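Down below is the structure, laid out as structure tokens.
The values are calculated or read from the model by the stated rules, or taken from the named source; none is laboratory data. Predicted model, so just to flag it, every value in this text is computed and none were measured. Cβ placement follows ideal geometry from the backbone for every residue including glycine, while neighbour counts extend to all protein chains displayed.
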Amino acid sequence: MKSENKKLIGIWGYPEPDILEKIKNKYPENKIIDLDINYNNPSSGILPDAYCRITKNMIDNSFAMKENLEVIIASVGREKCDSGWFAAKILKDEGFNVIETRYEDYNGKICATPVCKSNLALKEKINLIMDNIIQKQNIKLVETKPEFGFWGVPPNDFNFLDIFPETTHVYGWTRCVEAGRPADIDLEMYVDENIPTVFFAQTFCAKMQLAKYLAKKHNGIYVDVDDVASNSVKAKIEAFIKLR
Amino acid sequence: MTKLYADAGTTWTKILEIYEEEKDIQKSSLLQINNLNNYFVPENGNKYYSREEKLFTGRTFIMPTKIFSFADIKLDGATGHMTGQKLKPEGIYQNEVVSLAYGAQKRVKNLENSTIIDIGSRDVKWVKFENNQYKDLDWNGSCGSATGATIEMLCGFYGVNPENLAPEREKIPVTCGVFAMEKIMDNIASGIPPEIAVARYIHGIAYNAWIFSKKPEKVYLSGGLCRNKCFIESLKLYCEAIPLGRFMLIEGLY
């Protein structure tokens, strides 16, 4: 990513849509890049070793792409987390052009969630939901009857999502994103009672608290993954899917 | 023709070979292994049943994984993370937790409200059943490292025969393996015999496995620690414990 010379607008979380639109119009030639994603950039050494991998991505990507990053639109409200807020402060302090946004008020608006319920592979569902924040895609979707559920945020390691069948519905924060309500905790905690669900959180993320609690409450399974999913995590998910 | 199934763990590999006639084993690919009979373990007798209750004749072996790894063997079914490229093209790999669950369902006809725990060389995995149906599971694949292999190393280091260890009421916490080692050394430095320090450590592993598996009332135990009386008696301080032997995961393969 560093070698590309195109000027960039960095984002993380779910930036307030009006502000994102304004910045897109201000920098029409710039490419928008999601700094939450792991592009295998070198460690900046800013954060502790034992810390949320997604936040490390945000910081490490920013430093690796510093020359091209004209602006970062940083989600710092409840739609992201305190780590997003702290990261924004650190990057400002390091000379980045950071615009903080909070997206917590939706005026009663709630969007449908066809991607979460579609027959796309789980990885594609999550990618599409996140891509839609930047630019809405028009894709014809087929709804499936849910056989399994995935609750959580887009993980650092997308590879373990291949274990899930296409009949997996998406819940948690990722569904809140598609619903256009990323800070709606009640929606985030809602799952379909009878669907066997894997409750995922990034290791060291505060959402581990919710994931573990909800897994117990709904007879699901809790997994947390730091960098990449270990064989035992993958085997647990496989076994959960197979034995149910 | 014989059929070969293996559960290849970090330290030990368990092998089941099933066949229809005695003459079949004369052509077994296992014969290339030096001193094969030294690894023969008649733990389950020689009668084996598939999940469809079809009867087979078979024989079982337990050998160091490093010996298994170098043998040119092709498997019909495998579990464990050391099976490498040994599967036949039509062979089936099944992960350890699924194998454990299927093995338990096959071996224990009534799994009403019980948990099966497998303690390997470096991990702990368990599956809970309610009314014979899967209910819950977990696999501690990294922080459960203070398990079977560590006991073997400790016994070797201190010259302790694990068969002679008596259970201890006191336990050494093993949540962190490094701190547990420090405690063992502290015990021994303060004049406590190694047999007692190691038994306390084994008690700590039993307690840790029980807590990790969510405090079950009844446990079926799988893995090498089935042969460790000190471990089983320590586990019985917390729950009913029934050892099933070392071939549970293989039982789940066919």
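Here is the figure for the range A:143-189: residues that are among the charged types (D, E, K, R) and in a loop (DSSP other than H, G, I, E, B) total 6.
Among the conditions (1) within 18 Å of the chain's Cα centre (by Cα); (2) without any contact (Cβ under 8 Å) to a residue 24 or more places away in the chain, the only one that residue A:174 does not satisfy is (2).
Looking across A:115, A:98, A:142, A:76, one residue alone is in contact with a Ser or Thr (Cβ under 8 Å, 6 or more places away or on another chain) and surrounded by 21 or more Cβ atoms within 10 Å (Cβ to Cβ). It is A:76. Scanning the range B:201-254 for residues that are of a type in the set (Val, Ile, Thr), more than 25 Å from residue B:186 (Cα to Cα) and surrounded by 23 or more Cβ atoms within 10 Å (Cβ to Cβ) returns B:219, B:250.
For the range B:57-106, name all the residues that are touching a residue at least 60 places away in the same chain (Cβ under 8 Å), in a strand (DSSP E or B) and surrounded by 16 or more Cβ atoms within 10 Å (Cβ to Cβ). Hits for the range B:57-106 are B:60, B:62, B:75, B:76, B:77, B:78, B:79. Scanning the range B:58-108 for residues that are among the acidic types (Asp, Glu) and more than 21 Å from residue B:2 (Cβ to Cβ) returns a single hit, B:96.
Among the conditions (1) more than 30 Å from residue A:217 (Cβ to Cβ); (2) within 14 Å of chain A (Cβ to nearest Cβ), the only one that residue B:126 does not satisfy is (1).
Taking residues in the range A:229-241 that are more than 7 Å from chain B (Cβ to nearest Cβ), and partners anywhere that are among the charged types (D, E, K, R), the pairs with Cβ atoms closer than 8 Å and at least 6 places apart or on different chains are A:229/A:157. Number of residues in the range A:53-68 that are among the acidic types (Asp, Glu), buried (at least 19 other Cβ atoms within 10 Å of the Cβ) and not in a helix (DSSP H, G or I): the value is 0. Which one of these is among the polar types (S, T, N, Q), over 24 Å from residue B:225 (Cβ atoms) and assigned by TED's automatic domain parsing to the domain that holds residue B:17: B:29, B:69? Only one candidate passes the filter, namely B:29. Tallying residues that are under 22 Å from residue B:212 (Cα atoms) and part of a loop (DSSP other than H, G, I, E, B) within the range B:159-188 yields 10. Comparison of B:191, B:156 shows that the only residue that is of a type in the set (Gly, Ala, Ser), in a loop (DSSP other than H, G, I, E, B) and either assigned by TED's automatic domain parsing to the domain that holds residue B:242 or within 18 Å of residue B:233 (Cβ to Cβ) (or both) is B:191.
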